[in-house]
Amino acid sequence: MSFVTRFAPSPTGLLHRGHAYSALTAWTSAREAGGRFLLRIEDTDFTRCRAEYETALLEDLAWLGLDWEGPVRRQSDHRAAYDAALERLRDQGVLYRCFRTRKELMALAGVAPHADDPADAQAFAGGPLDPAEETERLGAGQPFAWRLSLAAARERLGGFGALTWVEETADPGIRTARPEALGDMVLGRKDIGAGYVIASVVDDALHGVTHVVRGEDLIPATGVQRVLQALLDLPTPIYRHHPLLLGPDGKRYAKRDGSVTIMALREAGVTPDELRAELGFA
Ligand code: GLU
């Protein structure tokens, strides 16, 4: 059986040990399977991505000893493909316009507007507006996002019970998608258009990715992506969601913690071999 996997970082900051762990896990699994390893730059969100982070991550991964098949796919060069997928969903009637601001959504959900978890806002998207109000807002030129209507998707697919995927982890088995965990997600944003959730699904299919190796923080997103695969007639890869690497304080690494970036380790004189060994890839 062929084996194709990828590492798909977003250049919104410098890579840290957690990314190194994830990239090494994917790269090693491709090696072990005699398969292919691809690199994809997930930079659809131009409000957060920066060219210098892309340059740095390519350098960091090469320093770590990883190699990948070219050409590297940069998602910002392929927006039309993701917008086309969004349009297809819209034509299926499974999207609705959301004019609400983040603040309005937070108020709707009864949570503080500073709450860090966007899932709160998504879960309480409030559903489609009544047609009269929607027409009025459209007429006034108000910007809107496109949200996935889980109710409409459920109806179109005859329920979500058959939406499963194979998880190959320490606890292997069949998982059933639970897209409700993230509510009616925004698939097309007011500013950037189609975003990560769609782009990732489209590209995995385009590249024939057979195994998605990534952190377990993306399991909730997998539920929604599984729904999108069904709606867009795309294949479902096997998933290997690995546990997140924890720092000495027991917390997961985050991009904002500059002290543990790969760049900082390189500058401090750590060698690639040392970092690989520390991460368990001796
Ligand atoms: N771009 C995502 C991230 O950096 C990864 C998505 C994926 O591997 O599917 O978290």
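In segment 236-279, how many residues are open to solvent by 60 Å² or more (accessible area, probe 1.4 Å), over 21 Å from Glu59 (Cα atoms) and modelled with pLDDT of 95 or more? Total satisfying the criteria: 1. Asp171 passes every criterion in (1) charged (D, E, K, R); (2) assigned to a helix (DSSP H, G or I); (3) more than 16 Å from Leu228 (Cβ to Cβ) apart from (2). Scanning segment 145-157 for residues that are crowded, with 18+ Cβ neighbours inside 10 Å, farther than 16 Å from Ala181 by Cα and not aliphatic (A, V, I, L, M) gives a single hit, Trp146.
Listed here are the residues, each with its yes/no results for (1) away from the ligand (no atom under 12 Å from the Cβ); (2) under 21 Å from Ala84 (Cα atoms).
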{"site": "Ala221", "(1), (2)": "no, yes"}
{"site": "Leu228", "(1), (2)": "yes, yes"}
{"site": "Leu234", "(1), (2)": "yes, yes"}
{"site": "Leu246", "(1), (2)": "yes, no"}
{"site": "Ile262", "(1), (2)": "yes, no"}
{"site": "Ala268", "(1), (2)": "yes, no"}
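Is it the case that some residue within segment 192-208 is closer than 17 Å to Pro9 by Cβ, among the charged types (D, E, K, R) and either within 14 Å of the ligand (Cβ to nearest atom) or part of a strand (DSSP E or B) (or both)? So far as segment 192-208 goes, yes, one or more of its residues are closer than 17 Å to Pro9 by Cβ, among the charged types (D, E, K, R) and either within 14 Å of the ligand (Cβ to nearest atom) or part of a strand (DSSP E or B) (or both).
The set of residues in segment 169-179 that are over 17 Å from the mean Cα position of the chain (by Cα) and either open to solvent by 90 Å² or more (accessible area, probe 1.4 Å) or not hydroxyl-bearing (Ser, Thr, Tyr) (or both) comprises Ala170, Asp171, Pro172, Gly173, Ile174, Arg175. Residues in segment 25-43 that are assigned to a loop (DSSP other than H, G, I, E, B) and more than 14 Å from the ligand (Cβ to nearest atom): Gly34, Gly35. Restricting attention to segment 1-24 and to residues that are open to solvent by 30 Å² or more (accessible area, probe 1.4 Å) and within 21 Å of Thr236 (Cα to Cα), the residue that is farthest from the ligand (Cβ to nearest atom) turns out to be Met1. For segment 149-168, the set of residues classified as within 21 Å of the chain's Cα centre (by Cα) and within 13 Å of Arg226 (Cα to Cα) consists of Leu150, Ala153, Phe160, Leu163, Thr164, Trp165, Val166, Glu167, listed by residue number.
Just one of the numbered conditions (1) farther than 25 Å from Asp60 by Cβ; (2) surrounded by fewer than 18 Cβ atoms within 10 Å (Cβ to Cβ) is not true of Val224: (2).
Look at (1) touching a strand residue (DSSP E or B) at 6+ places or on another chain (Cβ under 8 Å); (2) at pLDDT 95 or above; (3) open to solvent by less than 60 Å² (accessible area, probe 1.4 Å) and you find that Ala125 fails only one, number (2).
Evaluation of Phe46 against the conditions (1) part of a helix (DSSP H, G or I); (2) within 15 Å of the ligand (Cβ to nearest atom); (3) within 16 Å of the chain's Cα centre (by Cα) shows that the sole unmet condition is (1). Tally up the residues in segment 209-218 that are more than 9 Å from the ligand (Cβ to nearest atom) and within 16 Å of Pro9 (Cβ to Cβ), please. Matching residues across segment 209-218 total 1.
The values are calculated or read from the model by the stated rules, or taken from the named source; none is laboratory data. If you're wondering where the values come from, they're calculated on a predicted model, not measured in any experiment. Here the Cβ is made from the backbone with ideal geometry for all residues, glycine too, and neighbour counts use every protein chain on show. With ligands, DNA and RNA removed, areas are computed over all heavy atoms of the protein, side chains included. Shrake-Rupley method; radii C 1.70, N 1.55, O 1.52, S 1.80 Å.
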